[in-house]
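Trainee: Take this structure first; my questions come after.
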Amino acid sequence: MRSAIIAARTLLPKGFPVSRLFALALLFPLLAFGQAYPSKPIRLVCPFPPAGAVDIASRASAHELTRILGQPVTVENKPGAGGNLGGAEVARAAPDGYTLLMTTSGIQAINPALYAKMPFDPNKDLVPVAPLVSLNNVLVLHPSVPAKSVKEVIALAKSQPGKWTYASSGNGTSIHMSGAMFTQMTGVDMLHIPYKGSGPAVTDLLGGQVHMMFDNIPSSLPHIKSGKLRALATTGAKRDPALPDLPTMAEAGVPGYESGVWFGLSVPAGTPKDVIQRLNAAAVQVTKAPEFIKRMTDLGYNIIPGTPEDMANMLKAELTRWPPIVKASGAKID
């Protein structure tokens, strides 16, 4: 307090009322805090393993945030339980803007319906900062499957119920839910084969141990380009820039189908609004950075800048869409 009063005196004319001087002195620490943020390194928790889609987006974002904010932004991988472990760690962190989460629409909307016991409430214990990128999935088949369109896949599955398999990166993942949505909307009976991650699933798909998969575009893109996998359609509302010649699932014969995942920054509930605004402004700058745009779009990501309110509205839409699909799929994790 004494140092704040001395600082105030040096900036004000002689004879300034002492009562007002004390009031200004009380404001000095608050003003200093607002101007100083961030004044130390920031942790960006990635709730999934290294080298995956969320990790790639986290590291690209951290690189730009470090430049924009003037403080090191370090990615820490805290994988487990479909993102719940990392999410819970951030939810319990101090709400001061120095611990961020690279959250996903799956953590926010699928996990609460999938897990019987959540270690935190992602929609109460976290607050949105900014959306960053989205990913569509792509329906890919092993070349041995005798179908060259989505309609042919549907006809094939209906002619031989239970014979055809689709892989996923695990029960309840967005990749699994894309497949579950397809079977529910088309009425086909296909066998779901869950794996521990997209990598092992794609490996078995390439080897012909499973027939098809709704995979994240970045994971399957090299195999599509090499001809090792046959791509039939993407899952977004519009054609994906990474595969512009492919129709959407809706165009290919499943009206109303739309599935994918998006990633964005969130912070612990109670974080000051001015800190959230500062982080949002920085995140918007990230989505406009040429290096970030090129790196992400080359890998099949879509850039989605937005406000905290935009992200909150996106969450509301996901919470309407996914719980019924999770319930109908029968997927449940204790």
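The values are calculated or read from the model by the stated rules, or taken from the named source; none is laboratory data. Here the structure is a predicted model, which is why all the values come from computation and not from measurement. Quick reminder, even Gly has a Cβ in these numbers, built from the backbone with ideal geometry, and neighbours come from all protein chains shown.
Trainee: Failed condition for Val261, given (1) touching a Gly at 6+ places or on another chain (Cβ under 9 Å); (2) outside any loop (DSSP other than H, G, I, E, B); (3) within 19 Å of Asn171 (Cβ to Cβ); (4) without any contact (Cβ under 8 Å) to a residue 40 or more places away in the chain, with all others met?
Mentor: (4)
Trainee: Right, next: Which one is surrounded by the fewest Cβ atoms within 10 Å (Cβ to Cβ), of the residues in the range 47-103 that are polar (S, T, N, Q) and over 16 Å from Met296 (Cβ atoms)?
Mentor: Among those residues, the one meeting the criterion is Thr74.
Trainee: Follow-up. Taking into account only those residues within the range 285-326 that are closer than 16 Å to Ser259 by Cα and among the charged types (D, E, K, R), which is surrounded by the fewest Cβ atoms within 10 Å (Cβ to Cβ)?
Mentor: Ranking the candidates gives Lys316 first.
Trainee: Next question, about the same structure. If you go through the range 115-124 one residue at a time, do you hit one that is surrounded by 24 or more Cβ atoms within 10 Å (Cβ to Cβ) and in a strand (DSSP E or B)?
Mentor: Among the residues of the range 115-124, not one is surrounded by 24 or more Cβ atoms within 10 Å (Cβ to Cβ) and in a strand (DSSP E or B), which makes the answer no.
Trainee: Across the range 142-164, what is the total count of residues that are under 32 Å from the mean Cα position of the chain (by Cα), surrounded by 17 or more Cβ atoms within 10 Å (Cβ to Cβ) and not in a loop (DSSP other than H, G, I, E, B)?
Mentor: Count: 4.
Trainee: Let me ask something else about it. Being surrounded by fewer than 20 Cβ atoms within 10 Å (Cβ to Cβ), free of Cβ contacts under 8 Å to residues at least 12 places away in the same chain and under 28 Å from Tyr115 (Cβ atoms) narrows it down to one residue among Pro200, Pro222, Pro244, Pro194; which is it?
Mentor: Only one candidate passes the filter, namely Pro200.
Trainee: Also, I was wondering about something else. Report, ordered by the first and then the second residue, all pairs with beta carbons closer than 7 Å, sequence separation of six or more or different chains, a first member in the range 281-297 that is assigned by TED's automatic domain parsing to the domain that holds Ala53 and within 14 Å of Ala57 (Cα to Cα), and a second member that is of a type in the set (Ser, Thr, Tyr) and assigned to a helix (DSSP H, G or I).
Mentor: Listed pairs, sorted by first residue: Val286/Ser61.
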